[in-house]
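The values are calculated or read from the model by the stated rules, or taken from the named source; none is laboratory data. Given the structure is predicted, the values throughout are model-derived calculations rather than measurements. Every residue, glycine among them, receives a Cβ derived from its backbone with ideal geometry; neighbour counts consider all protein chains shown.
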Ligand code: MN
């Protein structure tokens, strides 16, 4: 339970928020609609960067093979440095010779939240992340449902980096027969292929409809 939730317990116990228009408090919309993005990145090796907002930054994992919808498949996910939230909108080309040089495509985007019905979703997510057993529910344009990132080992005690595994949980969005990276070969943002992004072609449809 968060400090904020604990402090409001008595206030809440005394009120029925279906009947009173007083604020319930403690449920910050911010914490239940956290940003999610996957960027397909054709750098020295093609990979998919999974980014999940936590505490004001995008926690980031490079997934060489990309996500699988098959719950029996564990995909290696290498924890990399936190990225700014604004990075979620980046699609384009990083110059050759620069760090991560190559083409970046916004492959999927949306929001995510904690699994279950935690009173404080952000606290539940933070706890799972710290434990190395990070369960979350995606509400992306393409990927949905329940997933987990499991830490397998760390490089040094406090870095919280190193190797994790990305696994789809069994739910209605699991599908062992569908390979999402083969199914979706264009940007979820601009509709462009990697080649079209590399060439700097314009978006195929308006960003907002
Ligand atoms: Mn990358």
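Overview of results
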item	result
Residue tally, condition farther than 21 Å from residue 112 by Cα and either in a strand (DSSP E or B) or more than 10 Å from the ligand (Cβ to nearest atom) (or both), over the range 33-43	2
Number of positions in the range 95-114 that are touching a strand residue (DSSP E or B) at 6+ places or on another chain (Cβ under 6 Å) and surrounded by fewer than 19 Cβ atoms within 10 Å (Cβ to Cβ)	5
Residue count, the range 115-131 (criterion: buried (at least 17 other Cβ atoms within 10 Å of the Cβ) and assigned to a loop (DSSP other than H, G, I, E, B))	3
Residue satisfying condition, being touching a strand residue (DSSP E or B) at 6+ places or on another chain (Cβ under 9 Å) and either at pLDDT below 95 or within 16 Å of the ligand (Cβ to nearest atom) (or both), within set 60, 68, 2	60
The range 132-159, subset under 17 Å from the mean Cα position of the chain (by Cα) and part of a loop (DSSP other than H, G, I, E, B), residue modelled with the lowest pLDDT	132
Extreme residue, nearest to residue 151 (Cα to Cα), among residues of the range 80-98 that are part of a strand (DSSP E or B) and within 12 Å of the ligand (Cβ to nearest atom)	80
